[in-house]
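Note sheet for the following structure.
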Amino acid sequence: MVDSSNKSHSDPPQHSQGPSDQQEFGYGKPPKHAQFQKGKSGNPAGRPKAQIGISIKEILDGDQRGKNGEVVPRRDAYVIALLNEALRGNQKAFAKFMKLMHRSGLIRREQTTNPGVVYVGESNITREEYVRNFGRPMGEPKR
């Protein structure tokens with residue numbers, strides 16, 4: 001039998017620590033010349049930087065050329081377009097227009113001498129006059 005007490009199979013081989021130019025490399029440890037340089041991106045042609053945005057104020061402070069060639073401030077052009085959409089029946093445009101009017105303080109409430117509800121007194125008309133003016137009363141069968 002061979003005496004195995006002198007040899008240990010679980011110990012890894014000893015490497016001598018040499019100068020720093022003999023670094024270990026392998027998985028997760030690339031050689032020094034292949035590592036990314038400090039301060040430089042690993043993907044120089046990668047995603048471009050985002051452009052500096054333009055503020056809404058800069059956009060609205062510009063001028064817009066109208067259909068007939070007149071120069072109109074963009075703020076006015078926006079309000080005109082919004083009003084035109086509201087007049088066409090667009091409910092969202094109307095709501096935005098009213099909100100804009102309210103915020104700018106351009107809505108005014110006038111005192112009226114006329115009441116909001118008008119009372120109309122009863123009038124005595126005959127059945128024939130009613131049918132002639134308004135048609136058959138509701139709930140009445142056809143004749």
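Out of contact with any Pro (no Cβ under 6 Å at 6 or more places or on another chain), at pLDDT 85 or above, among the β-branched types (Val, Ile, Thr) and not in a helix (DSSP H, G or I): does that describe Val72?
Against the criterion (out of contact with any Pro (no Cβ under 6 Å at 6 or more places or on another chain), at pLDDT 85 or above, among the β-branched types (Val, Ile, Thr) and not in a helix (DSSP H, G or I)), Val72 qualifies.
Find all pairs meeting these conditions: Cβ atoms under 7 angstrom apart; at least six residues apart or on different chains; first residue within the range 109-122 and over 21 Å from Met98 (Cβ atoms); second residue surrounded by 10 or more Cβ atoms within 10 Å (Cβ to Cβ) and of a type in the set (A, V, I, L, M).
none
Looking at the range 113-124, can you tell me whether even one residue there is under 18 Å from Arg75 (Cα atoms), among the charged types (D, E, K, R) and out of contact with any helix residue (DSSP H, G or I) (no Cβ under 8 Å at 6 or more places or on another chain)?
Looking for residues that are under 18 Å from Arg75 (Cα atoms), among the charged types (D, E, K, R) and out of contact with any helix residue (DSSP H, G or I) (no Cβ under 8 Å at 6 or more places or on another chain), one finds none in the range 113-124, hence no.
For the range 84-100, give me the residue count where each residue is of a type in the set (A, V, I, L, M) and crowded, with 16+ Cβ neighbours inside 10 Å.
2
Check off (1) touching a Lys or Arg at 6+ places or on another chain (Cβ under 7 Å); (2) surrounded by 10 or more Cβ atoms within 10 Å (Cβ to Cβ) for Arg65 and give me the number that stays unchecked.
(1)
Count, please, the residues in the range 29-64 that happen to be outside any loop (DSSP other than H, G, I, E, B) and closer than 22 Å to Phe97 by Cα.
The total comes to 7.
Can you say whether Arg127 is more than 30 Å from Arg75 (Cβ to Cβ) and surrounded by 10 or more Cβ atoms within 10 Å (Cβ to Cβ), as far as the supplied structure shows?
So Arg127 fails the test.
What are the pairs with Cβ atoms under 6 angstrom where one residue, in the range 33-61, is at pLDDT below 80 and the other, located anywhere, is surrounded by 10 or more Cβ atoms within 10 Å (Cβ to Cβ) and assigned to a loop (DSSP other than H, G, I, E, B)? Sequence gap at least six, or different chains.
Gly42/Phe36
The values are calculated or read from the model by the stated rules, or taken from the named source; none is laboratory data. Since we're looking at a predicted model, the values are computed, not measured. With ideal geometry, Cβ positions are generated from the backbone for all residues, glycine too; neighbour counts draw on all protein chains shown.
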